[in-house]
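Asks: Supplied in C-alpha cells, the structure appears directly below.
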Amino acid sequence: MTEENKMGTMPIGKLMMGMAWPAMFSMMIQALYNVIDSIFVSRISEESLTAVTLVYPIQMLLISVAVGTGVGVNSLIARRLGAKRFEEADQAASHGFRIAFINWAVFAVLGLLLARKYVSAYSDSAYIVENGSIFLMITMAFSLFVFVEVNTEKVLQATGSMLLPMLCSLSGAIINIALDPFLILGACGFPRMGVVGAAIATTIGQFISMCLGLTLLFGRKHQVTVKLKGFKFDWSTVKDIYNVGFPAMLMQSIGSVMLFFINGLLAFSGTAVAVLGTYFRLQSFIFMPVFGLNQGALPIMGYNYGARNKERLMQAYKFGIAVAAIIMTLGTILFLTFPKQLLGMFDASENMLEIGVPALRTICLCFIPAAFGILTSTIFQATGHGMLSMWQALIRQLIGIVPLAWLLLKMGGLTLVWWAWPLAEILGLLYSVIFVKKLYKNEIAFLGREDEK
C-alpha cells in the first residue's frame, strides 16, 4: 500500500493518530527544552536570563517565517498529491528549499547589522546589550539550519510521513538539552560561556536536526522529489505557497505581538508579568499536543480535499476536534485543581501565588473553546483558505485579547484582566462556527459530485 492510498483509504482515527503522535511527542519535547534552557541560563544570572528574554520575540519571528513558509509548502504538496498532480508537488517541494535560502539571507544580514541596536533599545545594561546582541547575531547568522530543517519536515509531513520529522526535531532538542550544562555552565571542564554557550548549543542542535532531515529526505524514496538541477523558479508556485504560508506566518507571530502589549499593560506589577510568563510556559504542555495533532490532521485534510473526498475530509475534521477537546479538558482540570503546585515548580513567592492561582484558574477556561478554534484553523489551511485562518488567529490571540485586557484591567484590575483570554476564545469560536459553515456550504458540500454524474 502506498502512502497515497494510506491517506485516502485508512480509517481516519487510526491514520490521524498514527501521523500525529510523532509530532505531538516532538512538540512536547520542544516545550520541555524551552523550560530547561531557561533554567540553565537563569543559573548564570538574572541579567543573563533577561538578555535571552529580550531577543526571544526576534527568535519567534524567525521561527514564524520558517514555519509559515513550511505550512504553505506542506498544504500545496498535499493538495497536489491528492489531485494526482505529482510534478507540481515536486515543484512545490523544490521551491520550498530555494525560499528557505532567501529567508535565511535576509535574517542573517539583519542580525549582523541590527542586533546590537535592537537590544540597546530595550536595555542600558552593558552586560545585557553585549550578551543579548551576541546571542542574536549567532542564532540569526546560522538560521539557515532552522529554515532548511523546518522545510524538510514539512515536505516529509505532506507525504504522510510523521515519524521521520519527529526524529529530526527530537534529535536537535535532545542535543541542545545535553549541551546546555557543558556550554552554559561549564560542566566537566568545558569553558563557562553563559549566554553565548546557550546560542552555540541551540545552533548545534539545529544543525543536527537539519543534517538528519536532509539525510532522510534525499537518502530514501518519497512521493515527492526535490530537484537540485534543472530547476526553474516559478513565481506562481511561490504565490500558491504563500497564499496559505503568509497567513500561517502571521499567525505564528501573533502570540509574540500580543505578549508585547499585555506585558506593557501589566508593567505596573513585575509579579503579574512573571505570572503571565509562567502561565505561557505551563500552557505549552497542554497546547503543544494539540498543535502536534494539527500537524497530523493538515496533510490528511489537504489530501482528501484535493482528492475531492468530502466524507473523509469531514471525518478528519470531526475526529481532530474530539481528540483536541479531550486534551484541553484534561488540561483545564489540571489547571483548576493544581494551580498552586504548578506555580510552585517555578519557586513562586506568596505574592506570586496570590496573583497566579486565580489567574491560572481563570485563563484555563479558554482551553476547551481553543480546541475547536485550532482544528477549524486547520481545515481552513488544508482547503487553501489561509486568510480565514489568519483572521481567526488575530481574533483569538490579538484583536480580542488586547482590547479586552485593557478594558477589564481598567474596570477591575488584575482580578478581571485574566478573563480576556476565555472571552477572546469565545469570540474566536463564534467566528470559526460562522466561517466553517460558509466553507462547507460553498465548497466542501460539492466535493465528489462531479464523480457521481
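The values are calculated or read from the model by the stated rules, or taken from the named source; none is laboratory data. All values reported here derive from a predicted model rather than from experimental measurement. Glycine also receives a Cβ, built like all others from the backbone with ideal geometry; neighbour counts cover every protein chain displayed. Each accessible area value is taken on the protein alone, full model and side chains, heavy atoms only, with ligands, DNA and RNA left out. Shrake-Rupley method; radii C 1.70, N 1.55, O 1.52, S 1.80 Å.
Asks: Taking the Cβ of residue 252 as the centre, find all other residues whose Cβ is under 15 Å away and add up their charges (Lys, Arg: +1; Asp, Glu: -1).
Replies: +1
Asks: Label points 7 Å out from Cα along the Cβ direction at residue 60 and residue 109: separation in nm?
Replies: 2.7
Asks: A further question on this structure: Please give the direction-averaged projected area of the C-alpha convex hull for the range 91-178, in square nanometres with one decimal.
Replies: 7.0
Asks: How large is the Kirkwood hydrodynamic radius of the range 165-288, in angstrom, based on all distinct alpha carbon pairs?
Replies: Result for the range 165-288, one decimal place: 18.7 Å.
Asks: When a/c reaches 1.5 or more, the comparison of a/b and b/c decides; with that in mind, is the range 1-147 rounded, prolate or oblate per its Cα gyration tensor?
Replies: oblate
Asks: Quick one: length gained pulling residue 121 to residue 336 fully straight, 0.36 nm per residue minus the C-alpha distance?
Replies: Value of the extension gain: 73.5 nm.
Asks: What would the Debye formula give as log10 I(q)/I(0) at q = 0.15, 0.24 Å⁻¹ for the alpha-carbon point model of the range 46-130, no solvent?
Replies: -0.66, -1.09
Asks: Using R₀ = 41 Å, calculate the FRET efficiency as 1/(1 + (r/R₀)^6) where r is the Cβ-Cβ separation of residue 441 and residue 410; round to 0.05.
Replies: Plugging the Cβ-Cβ distance into 1/(1 + (r/R0)^6) gives 0.50.
Asks: Suppose every Lys and Arg Cβ carries +1 and every Asp and Glu Cβ carries -1, with no other charges. What dipole size does the range 327-453 come out with about its Cα centre, to the nearest 20 debye?
Replies: For the range 327-453, the charge dipole is close to 320 debye.
Asks: Same structure again: Give me the 1.4 Å probe accessible area per residue for the range 21-86, excluding ligands and nucleic acids, in Å².
Replies: Solvent-accessible surface per residue comes out at 39 Å².
Asks: Under the rule of -39500 (n - 2.57) per DSSP H run of 4 or more residues, summed and divided by the residues of the chain, what mean residue ellipticity at 222 nm is obtained, to the nearest 500 deg cm²/dmol?
Replies: -28000 deg cm²/dmol
Asks: If you don't mind, there's one more thing I want to ask. Would you mind checking the pairs 14/437; 14/227; 14/310 and listing those with alpha carbons more than 30 angstrom apart?
Replies: Cα-Cα > 30 Å for 14/227; rest within.
Asks: Now for a separate question. Any idea how far the Cα center of the range 331-408 sits from the one of the range 162-198, in Å?
Replies: 29
Asks: Quick check: the angle from helix 235-265's long axis to the longest principal axis of the chain, C-alpha only, nearest 10 degrees?
Replies: 30
Asks: Roughly how many Å² is the accessible area per residue of the range 354-453, as a whole number, for a 1.4 Å probe?
Replies: 45
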